[in-house]
Amino acid sequence: TYMRTDSVALSNEALKGIFAGVEKRFGKEYVLNEPRHYAATKGAQEAHEAIRPSLTFSSPDEIGLKGEERDVYELIWMRTLASQMPDSRQLQLTASIKANEHTFTATGMRILFPGFLRAYVEGADDIEQALEEKEKALPKLSIGDQPACKQAEAQSHETKPPARFTEASLIQYMEREGIGRPSTYATIISTLVDRGYVKKAGSALVPTLTGFAVTQYMENHFKDLVDVGFTSTMEKSLDQIAEGKAEWLPYLRTFYFGESGLETRIKQETEKKDAEDARQISLPTLPNVSIHVGRYGPYFEAVNPTTNAKVKASLPADIAPADLTQEAIDELAKQAQQGPTTLGIDPATGKNIYLKTGTYGAYLELGEEDETDKKQKNKRVSVPKNIPLETLTHDKAIALLSLPRPLGTHPETGKEIRAGLGRFGPYVVHDGDFRSLKPEDDLFTVDLTRALELLAQPKGTRGRAAALKTLGNHPEDGKPITVHSGKYGPYVKHGSVNATIPKDKTPETITLEEAVALLAARKEKKSKG
């Protein structure tokens with residue numbers, strides 16, 4: 001059904017299909033006497049039915065889906081059936097064990113009737129075993145028993161701070177507070193990431209210093225506009241306008257041009273405050289440190305307690321505000337006061353090699369900066385994170401500054417192959433064709449033979465699996481056609497053209513001729529589209 005719906009309503013036809021499917025698959029005891037009806041969340045878009053399988057309610061195994069498509073369908077199928085099945089009946093057990101002045105408790109649970117839980121283990125090799133694994137059994141106990149203590153271990157426990165938002169938990173929060181709609185959630189999160197307000201660390205959304213600066217400025221000067229209640233109330237007003245219960249023009253005029261409208265407030269705030277105030281961050285854990293988000297990245301200003309001198313130094317671009325401790329600030333200030341470390345003279349140019357710390361970490365610079373000519377840039381190269389700074393010798397520094405280094409020429413094209421260090425780590429490149437070095441490869445010792453091996457491998461993309469197999473070479477240009485397993489199922493690849501393998505074929509059975517035909521049809525479709 002419609003993908004943007006957040007309705008929980010099911011049609012009568014769907015309910016009949018669910019009841020028939022439950023009885024056929026699980027038995028009559030799993031069929032409700034009458035359908036369950038659920039209350040919709042506030043502001044739900046109920047013009048469409050709930051997301052559910054088609055009326056046949058076929059199981060994931062019956063429709064031949066694979067990969068993520070199967071996972072999504074299985075989740076929808078499972079929860080749809082479970083929503084119209086009886087409750088699970090469970091026996092909850094609690095045992096209290098007294099030992100002198102202390103009382104210890106143990107809890108257990110036994111499933112008497114699985115109810116809707118039966119749908120959640122459907123497809124398991126051993127359904128009864130899968131249900132038993134959900135149970136937490138206690139040994140047989142009676143009042144007055146004196147169990148022997150075989151082992152006791154004292155463990156400390158500290159209260160943990162609230163977990164960071166993930167995309168899922170942030171959407172749940174917005175749903176609960178009545179902010180946004182299902183069609184806008186993805187846009188809201190992508191805006192936070194694209195503007196650098198948060199960064200992704202695994203599944204967590206970690207706030208950045210830029211995000212802190214923007215949030216603090218808005219909370220200090222436009223607190224009501226970034227309040228959760230304001231956003232929810234505004235959406236109610238917009239809903240009334242959409243329903244014809246309110247006029248849109250008077251609402252917008254009041255909001256923007258009113259006596260305390262947005263235009264007036266912005267003018268007042270910009271007259272009172274300078275731009276520096278908007279870029280400054282106040283952290284309660286660092287009361288004596290002034291943190292700023294500058295044009296060239298975040299930096300801090302502090303006073304050295306020993307020398308009483310004012311220190312200004314860059315902050316790593318990827319550091320989270322929670323990681324800014326006094327110890328980290330002191331170390332960065334110490335490095336800034338010491339100035340760049342000299343690692344010796346570059347024999348090729350006769351210039352000094354300096355080790356410096358910048359926004360993106362440690363780097364080497366060849367020669368001193370020319371204060372009279374800012375356009376004249378010295379050669380710089382980042383220090384790889386796997387090289388500890390204390391082990392960075394003169395020879396290693398010269399080797400880094402020599403990158404990219406030539407390895408030889410390609411036997412087929414005669415063009416140069418080089419090894420270098422880029423944004424995503426060490427690589428080899430030939431005629432604009434890049435391959436990342438493997439963990440076992442060394443940037444400074446990799447040779448032409450190894451580079452040719454890497455360049456001969458089909459080029460993958462970040463997050464995509466490597467080729468499952470090579471079918472052969474394309475008859476037109478002789479380049480390989482490979483089979484891959486992707487997000488939406490298996491596909492064949494030739495150069496930059498991908499074509500999905502039909503459901504009646506598998507990676508094991510598809511032939512080179514069939515792959516060529518699929519790629520030709522896909523290429524023609526792309527040229528027309």
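Side notes on the structure shown:
- For the stretch 264-279, the criterion of being on the phi > 0 side of the Ramachandran plot and either of a type outside the set (Asp, Glu) or open to solvent by 90 Å² or more (accessible area, probe 1.4 Å) (or both) is satisfied by no residue at all.
- In the stretch 380-416, residue surrounded by the most Cβ atoms within 10 Å (Cβ to Cβ) [restricted to those that are charged (D, E, K, R) and under 28 Å from ALA456 (Cβ atoms)]: GLU416
- Residue check, PRO162 over 30 Å from TYR73 (Cα atoms), under 36 Å from the mean Cα position of the chain (by Cα) and not hydroxyl-bearing (Ser, Thr, Tyr): yes
- Residue in the stretch 150-158 that is in contact (Cβ under 8 Å) with a residue 12 or more places away in the chain and either out of contact with any helix residue (DSSP H, G or I) (no Cβ under 6 Å at 6 or more places or on another chain) or in a helix (DSSP H, G or I) (or both) present: no
- When residues of the stretch 309-336 are limited to those that are more than 30 Å from PRO161 (Cα to Cα) and open to solvent by 90 Å² or more (accessible area, probe 1.4 Å), the one modelled with the lowest pLDDT: LYS334
- Count of the stretch 194-212 residues which are surrounded by 14 or more Cβ atoms within 10 Å (Cβ to Cβ) and assigned to a helix (DSSP H, G or I): 4
- Taking first residues from the stretch 463-479 that are under 17 Å from THR509 (Cα atoms) and partners that are modelled with pLDDT of 75 or more and of a type in the set (Val, Ile, Thr), the Cβ contacts under 6 Å between residues at least 6 apart in sequence or on separate chains come to ALA467/THR482; LEU468/VAL483; LYS469/VAL483; THR470/THR482; LEU471/ILE481.
- Pick from the stretch 351-370, criterion more than 40 Å from the chain's Cα centre (by Cα) and modelled with pLDDT of 85 or more, ranking: least open to solvent (accessible area, probe 1.4 Å): ASN352
- Residues of the stretch 59-68 that turn out to be touching a residue at least 24 places away in the same chain (Cβ under 8 Å) and exposed (fewer than 15 other Cβ atoms within 10 Å of the Cβ), as a count: 5
- Complete set of residues in the stretch 177-193 that are surrounded by 13 or more Cβ atoms within 10 Å (Cβ to Cβ) and of a type outside the set (Ser, Thr, Tyr): GLU177, GLY178, ILE179, GLY180, ARG181, PRO182, ILE188, ILE189, LEU192, VAL193
- In the stretch 213-236, the qualifying residues are those that are among the polar types (S, T, N, Q) and surrounded by 15 or more Cβ atoms within 10 Å (Cβ to Cβ), and the one that is nearest to TYR197 (Cα to Cα) is GLN216.
- Scanning the stretch 491-505 for residues being within 20 Å of LYS479 (Cα to Cα) and either of a type in the set (Lys, Arg) or outside any strand (DSSP E or B) (or both) gives a total of 4.
- Across the stretch 70-92, the number of residues qualifying as open to solvent by 70 Å² or more (accessible area, probe 1.4 Å) and either over 18 Å from ARG25 (Cβ atoms) or outside any helix (DSSP H, G or I) (or both) comes to 6.
Yes/no per residue for (1) modelled with pLDDT of 85 or more; (2) in a loop (DSSP other than H, G, I, E, B); (3) surrounded by 12 or more Cβ atoms within 10 Å (Cβ to Cβ):
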{"residue": "ALA467", "(1), (2), (3)": "no, yes, yes"}
{"residue": "PRO475", "(1), (2), (3)": "yes, yes, no"}
{"residue": "PRO507", "(1), (2), (3)": "yes, yes, yes"}
{"residue": "ALA515", "(1), (2), (3)": "yes, no, yes"}
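- Pairs where the first residue, in the stretch 291-302, is closer than 16 Å to ASP277 by Cβ and the second is among the aromatic types (Phe, Trp, Tyr) and part of a strand (DSSP E or B), C-beta under 9 Å, 6+ apart: ILE291/TYR299; ILE291/PHE300; HIS292/TYR299; HIS292/PHE300; VAL293/TYR299
- Every condition in (1) farther than 30 Å from THR233 by Cβ; (2) out of contact with any strand residue (DSSP E or B) (no Cβ under 6 Å at 6 or more places or on another chain); (3) not basic (Lys, Arg) is met by ILE111 except one, and the failing one is (2).
- Within the stretch 291-308, being assigned to a strand (DSSP E or B) and either among the aliphatic types (A, V, I, L, M) or open to solvent by 30 Å² or more (accessible area, probe 1.4 Å) (or both) holds for ILE291, VAL293, TYR299, GLU301, ALA302, VAL303.
- Top-ranked residue in the stretch 110-136 [being modelled with pLDDT under 85 and part of a loop (DSSP other than H, G, I, E, B); ranked as least open to solvent (accessible area, probe 1.4 Å)]: VAL121
- Test: residue in the stretch 496-504 that is touching a residue at least 40 places away in the same chain (Cβ under 8 Å), open to solvent by 60 Å² or more (accessible area, probe 1.4 Å) and on the phi < 0 side of the Ramachandran plot: yes
The values are calculated or read from the model by the stated rules, or taken from the named source; none is laboratory data. What you are looking at is a predicted structure, and each value in this text was computed from that prediction instead of being measured. Note: ideal-geometry Cβ built from the backbone for every residue, glycine included; neighbour counts use all protein chains shown. To get the accessible areas, we keep the full protein, side chains included, count just its heavy atoms, and leave off ligands, DNA and RNA. Shrake-Rupley method; radii C 1.70, N 1.55, O 1.52, S 1.80 Å.
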